[in-house]
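A short worksheet on the structure shown next.
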Amino acid sequence: MKYSVKTRRIEPADLDGSGTLLRTYVWGTGIDNLMSFTDHTTSNTYYAIKDQQNTVIALVDATGSVVETYTYDAYGNTQVFDATGTELTASVLGNRYTFQGPRNRLGHRPNLLPRPLV
């Protein structure tokens, strides 16, 4: 977390183990409404392209070029693809905000966990 003098609020940020700032995020109104994030190791900003449910389906750079795209299964599990459509094992940008929906403290989306049939 870091305090933003501009917005006068604490904003989420990613830090490494020594406290060095890695990423800062810009959020829109509502829950999990990622607008953009800045990677402070490269000074690049990436903008979220979202669908009608506010789920991130792509990230574009400052020129508008697609950098990564995302698809999801019925449980919100994410598949990540680079700009050429090659599937990746994880986001090369370190993006962890994809499928719309808050996570609990264990990192799970409670409404999307499989439920046993009774």
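The values are calculated or read from the model by the stated rules, or taken from the named source; none is laboratory data. Computed from a predicted structure; not experimentally measured. Here Cβ is always computed from backbone atoms with ideal geometry, including for glycine, and neighbour counts include all displayed protein chains.
Which residues, taken from segment 55-71, are closer than 17 Å to N33 by Cα and touching a residue at least 24 places away in the same chain (Cβ under 8 Å)?
T55, V56, L59, Y70 - these are the residues of segment 55-71 that are closer than 17 Å to N33 by Cα and touching a residue at least 24 places away in the same chain (Cβ under 8 Å).
If we scan segment 46-68, do we find a residue that is modelled with pLDDT of 85 or more and within 20 Å of L15 (Cβ to Cβ)?
Yes, there is a match, as at least one residue in segment 46-68 is modelled with pLDDT of 85 or more and within 20 Å of L15 (Cβ to Cβ).
Taking A90 and the conditions (1) loosely packed, with under 11 Cβ neighbours inside 10 Å; (2) at pLDDT below 85; (3) hydrophobic (A, V, I, L, M, F, W, C); (4) under 15 Å from the mean Cα position of the chain (by Cα), which numbered condition does it fall short on, given that it satisfies the others?
If we test A90 against (1) loosely packed, with under 11 Cβ neighbours inside 10 Å; (2) at pLDDT below 85; (3) hydrophobic (A, V, I, L, M, F, W, C); (4) under 15 Å from the mean Cα position of the chain (by Cα), just (2) comes out false.
Of all residues in segment 55-99, count the ones that are of a type outside the set (V, I, T) and closer than 16 Å to R23 by Cβ.
Result for segment 55-99: 11.
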